[in-house]
Amino acid sequence: MTGTAVAVLCALAAAALIAVGSVAQQTSAAAVPDTDSFVGSLLRSPRWWAGILGDGGSYVLQVIALVFGSVLLVQPLLVASLLFALPLAAATTGRRVTRTTWLLAGALCAALAIFLLAGNPSEGTGDAAAARWALPLGTVLAVTAAAVVVALLSPRRRALSFGIAAGVLYGVTSAFTKHVTDLAEHGIPQLLGSWQTWTLVAAGATAIYLQQRAFQAGSLTASLPALTVGEPLAAIVLGVTVLGEHLRTDGPGRILVSAAVVVMLVTTVALSRAQAADTPADAAATPAPAPPPETPRHR
């Protein structure tokens, strides 16, 4: 089996674990009332911990995939997590996946295949200097901050905006993962002394928190598409601008790759809208509070 095949298989397995973990975490986060301690309630939830374990397994598989393939190869495949998560979310609500959803899922799979075959992404370098990171990373973090501000100011867009912020930060962790993995081969002191390692840790921890806030604010279909799209887009931006990765395309191939990216984005958003329209019960994942006890009447 070639290195590219290993990277593809590990990335798809990681996408499946992301889906399972997302469904488990969303149902746990959505059940936490605003009046309770958010983090404390999640830490006491066995289902939430199961979701975190799924995410942890997914991250390990992503690391393995990045050892054998580039960021531009691995990240688009993680978009497939939405294909696994939407039917799983539908199953938890007792509703079937519609024909429209399957057609959109097929279009997304085709776009992924075209991206890989026509783009043939190449590896770059994982040890870019800090000065080279400054502007692209600052831009990506500014997008994250703007999304958080929108989430805090607009309750109706809270799930979507927190999802975008978390997805972008997950893309940052993906871009740094390859370099940090290489550093681990040179010993713990060099690993702990690298600014990339601590940036990875900070971005990952913040992304997890924002992801849970997105899950609490709305249904899975309101936040997961933004998470799914935001991660590869941020990783691809950093991969191209900082890590020296590129798509080996020219002429018609470049047109195919561009069209594939557009189809990936459009079908991802359309999948979320179609699923939201077909599963209204999903929006009511949080049980309604019990009515207050009736005050006894005195004659």
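The values are calculated or read from the model by the stated rules, or taken from the named source; none is laboratory data. Just so we're clear, the structure is a prediction, and the values are computed from it rather than from any experiment. We place every Cβ from the backbone using ideal geometry, glycine too, and count neighbours over all the protein chains shown. Surface accessibility is based on the protein's heavy atoms, side chains included, excluding ligands, DNA and RNA. Shrake-Rupley method; radii C 1.70, N 1.55, O 1.52, S 1.80 Å.
Brief remarks on what is shown
- For Thr249, the conditions (1) assigned to a helix (DSSP H, G or I); (2) among the polar types (S, T, N, Q); (3) at pLDDT below 80 are fulfilled apart from (1).
- Search result, residues across segment 189-227 that are among the polar types (S, T, N, Q) and open to solvent by 60 Å² or more (accessible area, probe 1.4 Å): Gln190, Thr206
- Odd one out for Val237 among (1) surrounded by fewer than 17 Cβ atoms within 10 Å (Cβ to Cβ); (2) touching a residue at least 40 places away in the same chain (Cβ under 8 Å); (3) not polar (S, T, N, Q): (1)
- For segment 23-73, a tally of residues being charged (D, E, K, R) and either within 17 Å of the chain's Cα centre (by Cα) or assigned to a helix (DSSP H, G or I) (or both) returns 2.
- Number of positions in segment 148-178 that are within 24 Å of Ala15 (Cα to Cα) and open to solvent by less than 20 Å² (accessible area, probe 1.4 Å): 16
- All of Leu53, Leu78 fail the test of being touching a residue at least 12 places away in the same chain (Cβ under 8 Å), under 24 Å from Pro225 (Cβ atoms) and open to solvent by 40 Å² or more (accessible area, probe 1.4 Å), apart from Leu53.
- Exactly one residue out of Ala90, Ala29 is small (Gly, Ala, Ser) and in contact with a helix residue (DSSP H, G or I) (Cβ under 6 Å, 6 or more places away or on another chain), and it is Ala29.
- Per the listing Leu86, Leu43, Leu73, Leu53, the residue uniquely among the hydrophobic types (A, V, I, L, M, F, W, C) and touching a strand residue (DSSP E or B) at 6+ places or on another chain (Cβ under 6 Å) is Leu73.
- From Leu108, Leu117, residue being at pLDDT 75 or above and either out of contact with any helix residue (DSSP H, G or I) (no Cβ under 7 Å at 6 or more places or on another chain) or closer than 20 Å to Gly230 by Cβ (or both): Leu108
- A search for C-beta distances below 6 Å between a residue of segment 13-26 that is within 11 Å of Leu61 (Cα to Cα) and surrounded by fewer than 22 Cβ atoms within 10 Å (Cβ to Cβ) and any residue that is modelled with pLDDT under 90 and not acidic (Asp, Glu), counting only pairs 6+ apart in sequence or on different chains, returns Ala16/Phe84.
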